[in-house]
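Step one of this worksheet: look at the structure below.
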Amino acid sequence: MPAKSTPYFTPALFKFLRDLARHNDREWFTANKARYEAELKAPALRFIAALDAPLKQTVSPHFVASAKPVGGSLFRIYRDTRFSGDKSPYKTHVGMTFFHEATRSVARVEGGGNAAPGRLDAPLFYLHLQPGECFIGGGVWHGQPDTVKRIRNYMVNNPASWKKATRGGAFAKSFSLDGDSLSRPPQGYDPRHELIEDLKRKDFVCTATLSEEQVCAPDFQKTVLKHFAGAAPMIDWLCGALDLDF
C-alpha cells in the first residue's frame, strides 16, 4: 500500500494564527517564536519550494514560486505600521504571492501593489491563509495609473476576449471578480460601453474561497494548481494587456 502524503499545513497553523490575533504583541510573539517557525514559516517555505516546478509545468513557465526566506513568495509576518492607526506589530494571516518573472520580487507587493516603483505592474497569483478567511486570488491589485489605463484600453479594444476570460468555464465556477472600483466611469471612456462596470475597476483581481480543511488536506497542492489553472484565462488576458508572456 502506498504511503499517505503528509499535509504541508495542519490545524496547528490556524491555532497559532488565532492565538496571535488574541495576543498581538512582541512579548507574546517572542515567547511563541518557535511555534511561528514550526507551524507557519517552515511549512509555508516547503510548500512554496514544492510548487515551483508544477506551477511552471501545468500553469505557466513565466510565474515563480520562490522559497527564499526574504524577497521570495512568502510575505513577512511583520506589519508596516508607519502610516496605520492600527499599531499591531504582526499580521494574523499567511500571504504567499507567485509572481511573474518580470516582477522578480515582492518588494512593492508587500506595500500594496504588483511592481517596484517606476516599473510596469505584472499579474500574479496569490494565496491567503487566515482563520475563517482562506482564499486564492490573482490579477493586478492596486496597479499604477499607467498600468490601469493600459488594461482599460485593452478591454475597450478586446471586449470579447475579456468576457471569454472572466465569464465562463472553470473560471466562472470558482472565481469572482473582486477589488475596488470607481463610483463613476473613468474619464475618457464611454459611459455607455458594454463593459463600463469592468472599466470602472481600479483592481483587476479574482478570488476563490477555500476552507481550512482544504488547506490542511494532503492534496492541497493539487487544489492550488487546479485553482491557478482556473484563473489562468484572466491572468493570460492581463499579461496580453501589458505585453507580457504567459
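For the chain, the longest principal axis of the C-alpha atoms and the axis of helix 11-22 are separated by about 80°. Take every Cα pair under 8 Å whose residues are at least 6 apart in sequence, average their separation, divide by the length of the chain, and the relative contact order is 20 percent.
Across the chain, the longest piece that holds none of the GluC sites (Glu not before Pro) lying in DSSP loops with up to 14 other C-beta atoms within 10 Å covers 1-100. Within the stretch 1-79, the trypsin sites (Lys or Arg not before Pro) that combine a DSSP coil assignment with at most 10 other C-beta atoms in a 10 angstrom radius are LYS4. Taking 1.306 mPa s as the viscosity and 10 °C as the temperature, the Stokes-Einstein diffusion coefficient of the chain based on its alpha-carbon Kirkwood radius rounds to 83 µm²/s.
Taking every alpha-carbon pair within the stretch 124-246, the share separated by more than 20 Å comes to 44 percent. Of LYS41/LYS222; LYS33/LYS56; LYS15/LYS200, which pairs sit farther than 28 Å apart, going by alpha carbon to alpha carbon? Check vs 28 Å cut-off fails for LYS33/LYS56; LYS15/LYS200. Among residues other than ASN32 with Cβ under 14 Å from its Cβ, the summed charge is +2 (Lys and Arg +1, Asp and Glu -1). Taking every alpha-carbon pair under 8 Å whose residues sit at least 6 apart, the stretch 122-228 reaches a relative contact order of 36 percent.
Each value in this text was obtained by applying a stated rule to the coordinates, not by laboratory testing. These numbers come from a predicted model, not from an experiment. Cβ: placed from backbone, ideal geometry, glycine included. Neighbour counts: every protein chain shown.
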